[in-house]
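Heads up: the structure comes next, in structure tokens.
Coordinate-derived values only; no laboratory data. In this text, all values refer to a predicted model and were calculated from it rather than measured experimentally. FYI the Cβ positions are ideal-geometry reconstructions off the backbone, even for glycines, and counts take in every protein chain you see.
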Amino acid sequence: MTFKKTNLCLGIALATMTMAGALVSPQALARTSAERMAEAANNKADALEAQLQALQAEVISLREQANRPAASADSEKVQELDAWMTSVKSEPVKAKEKNNMVFFRGGYSHNNHGRGGTLDPTYLPIAGGISNPNGLAVGEIADQDAWYFGAGFDFSLNDDLFGLMDGTEVLAELMFDYKELGTKQANGLSPQEVAVVNSLGFNLPPANSETATVNQLSLAASPKIKFLKGHAFRPWLIPIGFELSIISPPSDAITVLTPGMQFGLGADYKIWNNLYVGADARYHYAPGDVDGVNPNGVTAGGYLGIGF
């Protein structure tokens, strides 16, 4: 009996434990699965966080690399500017060059021919039917020699002959000259000359004591080539220039306007600051003549120049 009771108790206990295990096991299994899922999620989160940190570090590194050259370039530019400013400050101050010039000139003039004109009273045939080719019966009325004065401007165009020669300046010269060749009686003859002409069979009126000035005004525009730029002494030449002359010949009611050209050479010297002294010689030429007037001749003299 006792044995049966013992078996019965053991069976009950075993059944109770089986039921308890059956009841406890799902809960334990459920808890274990949740823990595993949570752990996996945590692991994934940790992995994602690690990846994000790695990406963030890589972005920071890229930014640093991108900013580093710009900062270096800026630093180099700043250093270059500092070096340039230092060199500029260390250089001596240079005075501004004054390449243009205004000049005042004067001197001696000589014309190849004396003044005469087709309406000059001395344009007469000589007795015997022989014509005077010069149109003058008793010689030239105005002197061939004269004095002149004038002024002009030099405007600098180029410093190296348009790239052909260093230190050779090209300028544009604008200039005017006034020449005075002498005076004449109103009818072109002195009393002595009237007597000579009348002795040839002509009946001229008496000479008028009133006189008129024989003169000439010239306007010129020329290219000027000036050498040795930067030196105190500077020679120059005018290969060819345009000239327009207004002439008062020894004739009544005629003023001659004739185009021509000029050629010249000279040199100037810088004596102080922007003050120059110089000398020049020019040949003036006009093809043919106008109303018996030929303006060809030479001028030679000096000038005083002021740079600006």
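Contour minus end-to-end for R63 and A45, with contour as 0.36 nm per residue of separation and end-to-end as the Cα-Cα distance? So the chain would gain 3.8 nm between R63 and A45.
Using the Cβ-Cβ distance between W147 and F104 with R0 set to 22 Å, the FRET efficiency from 1/(1 + (r/R0)^6) comes to roughly 0.95. For E97 and L244, the FRET efficiency from 1/(1 + (r/R0)^6), where r spans their Cβ atoms and R0 equals 35 Å, is about 0.60.
Which of the residue pairs K179/K224; K98/K270; K98/K226; K229/K270 have a Cα-Cα distance greater than 18 Å in the structure shown? Table pairs above 18 Å Cα-Cα are K179/K224. Each label was represented as a point 7 Å from its Cα along the Cα-to-Cβ direction; for F233 and F162 these points are 3.0 nm apart.
Each of R36, R234 was scored by other Cβ atoms within 10 Å of its Cβ. Arranged with the fewest first, they read R36, R234. One decimal place: the segment D82-N296 gains 70.7 nm when fully extended, by the rule 0.36 nm per residue minus the C-alpha distance.
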